[in-house]
1. Take every DSSP beta bridge whose two residues both sit in the range A:329-420, then give the antiparallel share in percent to the nearest 5.
2. Provide the FRET efficiency to the nearest 0.05 for the A:Asp791-C:Phe8 pair, computing r from the beta carbons and using R0 = 45 Å.
3. What FRET efficiency comes out for A:Thr406 versus A:Lys10 if R0 is 30 angstrom and r is the Cβ-Cβ distance? Round to the nearest 0.05.
4. Skip the ligands, DNA and RNA, and give the accessible area per residue of the range A:532-672 with a 1.4 Å probe, whole Å².
5. What is the interface area between chains C and B, defined as buried accessible area summed over both chains with a 1.4 Å probe, reported in Å² to the nearest 100?
6. If each DSSP helix of 4+ residues adds -39,500 (n - 2.57) and the sum is divided by the residues in the protein assembly as shown, what number results at 222 nm, nearest 500 deg cm²/dmol?
7. Could you tell me which trypsin sites (Lys or Arg not before Pro) in the range A:140-180 are loop residues by DSSP with no more than 16 other beta carbons within 10 angstrom of their beta carbon?
8. Applying 1/(1 + (r/R0)^6) with R0 = 45 Å to the Cβ-Cβ distance of B:Glu223 and C:Val26, what FRET efficiency is obtained, to the nearest 0.05?
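The values are calculated or read from the model by the stated rules, or taken from the named source; none is laboratory data. None of these values were measured; they are calculated from a predicted model. Glycine gets a Cβ as well: all are built from the backbone with ideal geometry, and neighbour counts include every protein chain shown. These accessible areas exclude ligands, DNA and RNA; they are computed on the full protein's heavy atoms, side chains included. Shrake-Rupley method; radii C 1.70, N 1.55, O 1.52, S 1.80 Å.
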Amino acid sequence: MSDLRVHKTKYINETKRVSFKYDGKNYFGYEGDTLASALLANGVHLIGRSFKYHRPRGIMTCGSEEPNAICQISDKNDLTEPNVRATELEIYDGLEAFSQNCWPNVKFDIGGINNLISPLIPAGFYYKTFMWPKSFWKKIYEPLIRMSAGLGKSPTEPDPDIYDHKYVHYDVLVIGGGLSGIISAKIAAKSNLKTLLVDDKKTLGGSTIYQSNDSFKIDDQHSSKWLEKEINEISEIENLTVKTRTSIAAYHGYNYLLARENLTDHLSIKDKKDKIRQRLWKIRAKKVIVATGSIERPLVFNNNDRPGILLSNSINKYLDYYGVACGTNIILFTNNDSAYETAISLHKKGIKNLIVDLRKNSQSEIAKQAQNLGIKIYFNHVVTNTFGYRKINSVELMELSDDGNTTIGNKIKLNCDCLGISGGWTPMVHMHTQSGGKLDFKNDDQVFIPKEIDNDQISVGACNGDFDLETIIDKTVNKINIFLEINNQDYKNTKVGCSIEKEKRNIWLLPNKIPLGKTKCFIDFQNDSTAKDIKLALKEGFRSIEHVKRYTTTGMATDQGKLSNMHALGIIADTAGVKMGTLGTTTFRPPFTPLTFGTIVGRNVGKFFEVVRKTSIHDWHVDNKAKFENVGQWKRPWYYPKNGETMHDAVQRESKAARDSAGILDASTLGKIDIQGTDASEFLNRIYTNAWSKLSIGKCRYGLMLNEDGMVYDDGVTTRLAENHYLMTTTTGGAANVLGKLEDYLQTEWPELDVYLTSVTDHYSTASVCGPNSKKIINKIFPELDLNDEDFPHMSFKNTKLDNINCRVMRISFTGELSYEINIESKYGKSLWEKCINAGQEFNITPYGTETMHLLRAEKGFIIVGQDTDGTMTPSDLQMDWIVSKKKYDFIGKRSLYRSDTIREDRKQLVGLLTDDPKEILEEGAQIVSDTNTKPIDMLGHVTSSYFSPNLNKSIALAVVRSGKNMKGQKLIIPMKNKNINVTVSDTIFLDKENKRLNA
Amino acid sequence: MKNKYSIFSLIKNAFSDHENWQQAWGDPEPKKEYDAVIVGGGGHGLATAYYLAKKHNLTNIAVVEKGWIGGGNTGRNTTIIRSNYLWDASAGLYDHALKIWENLSQELNYNVMFSQRGVMNLAHNLQDVRDLKRRTHANRLNGIDAVWLETDEVKKFCPIINTSQDIRYPVLGGTLQRRAGTARHDAVAWGYARGANEMGVDIIQNCEVKGIKRNGDKVEGLETTKGFIKTKKIGVVAAGHSSVIANMAGIKLPLESKPLQALVSEPVKPIIDTVVMSNAVHAYVSQSDKGELVIGAGTDSYVSYTQRGSHNIVEDTLKAILELYPIFSRMKMLRQWGGIVDICPDASPIISKTNIKGLYFNCGWGTGGFKATPGSGDLFAHTIANDEPHKLNAAFNLNRFVSGDLVDEHGAAAVAH
Amino acid sequence: MFLINCPFCGERDQSEFSSGGEAHIVRPKQPTELSDDQWAEFLFMRKNIKGVQFERWNHSHGCRKWFNVVRDTSNDKIHSVYKMGEKPPVK
């Protein structure tokens, strides 16, 4: 391995080599490396190209805030994944990664031309051009714009991996396993609270875990050593669950959080197989402790984006955690003390480095330590430019004026192969704001910190703006004790010695002799938005941070502005001459880091997408080659093709058989509601449009239900089983809604009624046998049942038994034929059905599906709610005035029937249509007109149901037509795309108007 | 005259390092009195002001916005534009808007990136097929370019859709409107603001309305956080907050404000070049010019002004997306947000006078108002200027809730947009 | 996703419930006596309050009971829950 792997650390297992490919080239790293650390160890900095200017970019950070080093993983069509941060991805054997947004390759990228024309494409340029000539937009400009979209590539084949969900409840959730998180979790768990600690990294410890500087000691040990001991201790605590590689994605109200646990992304290709890839934890916590730390911010100066420019503390982590040197001649450019730790670490490993510090001086212990080690420090200096195309090779510095507004003196040019930058630290307040919390601006450190919101959530440590060890430990312990209402004394005697930063100097946009318009001072690295873009937006009148963000696209890249938001705000504030903190911030929206769709969905894909409801007779239908139709969640037999029949042929055969001899339909899916109570009749009176009080026991009645707006809502037959006991049927699709509506009225409007509703849809299977021979078939099945028309007339029911099993037989008909519906406990449904089939064999009993059922009822002019109605039809529109009781004082929807619009005579009304050519079948949904020459064409209505009736040997249709009630015999036109079809308005009943067949 | 935007102005300004661009719109303090005040600086409100100035010569007017212009639903929506509505009234309204969209960039001299990439609505059950065919026939006769596609044509038009007949709700066909598409939402607000401002309209941001002053049945002005503004005409275009403003004037509206969520994925290279919507499987998707998949679905069922909905809606939406596009399972959600939509019982908007003289409401757009922005602004301006509706918005009056003459577009809007 | 304290089952996730909108809109006892305007008021007009609102919820995936909730629609905080027929708490 290269000499950039400078020393062994306990987090890198140098005995386990891991080989991987990057852009087709073989590399190796060690177990414990991220793709970024492994590439850096191999001297690879150039990882990708930026979105707009296609500038070469390298690894900049070591975590989820990474804007540049994002890769395409795998070239398999199903497993490939775009935009994966090299700084987070742990390497594994067989990993293949590719650079993105470049062609032909990352070193030489045609798109780089955009960098040359960058003066022509400032922020928002696309709003100002591509408008002339207009015809170019669709053919030239728009395709060009859309071609340049995106970074990585979407997979093109379905994902073979599986994802999982887990629901958990905890007393305390601690987010973040750094110093303050570990202390918090330990205190909580030791106080007998069921605690969950999550951290997105592979190991706990945050940035303290690699801090081994003499200026930072706890109980006289290096802070990292002390924290290691703490981590060992918490692993022993029983009611503490620790989840690493687990990142909180979203923090919703009422302490509902989503966390993504990464289970296999770090495993070798062979070990990943057949395992759950990621698990989404849905967490409800009584109390949440946010300890998400802070991230280092960059500095904004000309050409601050070259490969080889990293955040200073990331250089430190690569060195002391991964054992990798990011360069051999490193310059650290800072405005705060933290870079001094990096400098000292580098110095200890013998890596040449120097410091450029914006501040005039630093009197802190750590600064003195650096000076004593002989590290060269340029105080009161600023980097004004960098050089090197594919990797930085030198920087230019100048001295700062006293007020920091300009540069003075001579340029100093220094060579380097790596530049570390540190513009201070930004507390990670995402969790707090996602949960609805507000922020305060803390002027000292130029940071936003959480404003405490309620009793169930608290922020501790660096995410709360506490940066030095002593304050972190002190405040965390205190706050947690108060927050959890406990009195933990574990840290009472903890001794902390740490260097305290004394001098601060923050300049959001660093001064430069070059006019800003000629610089590229990047703020959002991935989206290529620069300081001059922000200023342009302000000049053009965009004032709100949200406007500037949207106009310049700052903060809208895959890192969602983790590195850029503060600088954008700072520059706006400075330019507008207002105080930071008065501008507000942009909203941090979930997820914290991008969250895989598959993880969000979990197991609910493919066959688990949605519940499938099947009747107990379903298997028989499958065995008999039924085609199925989805009706709501139900699978209903649609038709039963025989010997290669088309749907039309099958439906013609089924329909004919049902009228000529016998047919059988699985009607189990119809909603069934059991209604009991002394006020059941009164309840039905109020629900349905017709009257129910006089329905005798043992009789059935058809009912029409409206919504309060007067429009037809549902229909069905209800049977009076006993004095205070009814069985209501509803449409298949409407069952749940009807029950919900009935319960609503019963519980909220009419609680005085003694009525109880129970859904029994799933409790009974229903076989509907119809046709002239149905009586004979029923007689065979129930020989003891008296089927005499007088004793068992149409619209009545009887209890009976089938092999000792209770059955209800209703003599009701949706086909107009003599017809019996047998209800039996669901588990006997299939055997009942088979008995019917066997008994009917001699009569050629023919199973029919929903299509034939629709055809048969249309011949009789019976409506289907939802097909012949669309939520705008009143009973009168359906020519069903007969079912609306005039006597009843009230029922649901009654009042609405007397509004000015609902009493109009020229509303759309249900009619029958006959085509002039009886062979011509109308298309359902086709529009109806009387004159094709008007402009615009006046549409009178549409075809709702249409079939070829084998029993009438002609085409029939139902339709709704304006004023249709009075148009019988009138000629109308159906204007299709290629022809006009002539039709005549007819009665809605096409067959057996006298209802003779009911008693055939 | 402001800078005219063009490639030439870009080149010219490149020489001066873009230091000389003018403000797109100003930032004035409110005057004491205006001829009309529009409440709400979203797309609809700004468009209303633009057309009041342009077509009705009313230039002494202001738009007051409690936050920043375009910051409400305009800036939060998924920008689907189409006009294939069922009823004549709706088709007239939305196609009027679509026709304006087709020339809007040129009219405003601001590229709103209206992309006519087509919008396809899928059918997943037999009733869907009937409903969509019915709509397609009506559209054709209304002169709207909708066509019915069989399943194989759906697949051909958008190959990444899972059209397998073995899935839970197989695709049985769909309708396609090719003139439909998307636009850049921010640009619409900004373009109208710039255009209106150029004609003298004051755009007053960070100015929240606190009260409506009435004298009997007439309006007299507005109490705002920037003081009292006298005016005889108030056009309210406050989307989710319409009821809040109505309550100030002492009237009730047939509205409920509910959370509507949307999300985008990380950006990827072009993978879907149209907009696909599905009612039965309940989600829609398109891809932005940046490469993000833009995804949305339905609202939560409860009233909320929090601009955030519940997670299960997002989960259900993505569940539907993966059912139709299993290739997207490894894509990642980058950002998720919510808006507040004001929903009418019939899923159609209100562009109407009220019982109070000088008070007009443009609201109730529910989940799909963006597409109507130019038409809505034009017709609302007409209504305010003439104190009478235009024939294209006459049906969208408040009285329909009394008479029962609703414009029931639930079929068209069952899924958001 | 907020939590709702169902008066019959206890605290449950909001996704188990469905909203019935504004509470205490009593269905007129004599609808036929009402003018079209008055009927429209009952049918469609809603306060749609931003702030504390009295509303109806149904534990649709639980006990299926309807009850009332006092909720601040500006932040989804629930102030109280009470059964149908019980007196609403004073604001």
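1. Of those bridges, close to 50 percent are antiparallel.
2. Step by step, r from the Cβ atoms, then E = 0.45.
3. Details: r = 48 Å, r/R0 = 1.59.
With R0 = 30 Å, the Cβ-Cβ based efficiency is 0.05.
4. Numbers: 4910 Å² over 141 residues.
In whole numbers, the range A:532-672 has 35 Å² accessible per residue.
5. Details: alone 6490 and 18070 Å², together 22490 Å².
The summed interface area works out to 2100 Å².
6. Value at 222 nm, helices only, nearest 500: -6500 deg cm²/dmol.
7. none
8. Efficiency, from the Cβ-Cβ distance: 0.85.
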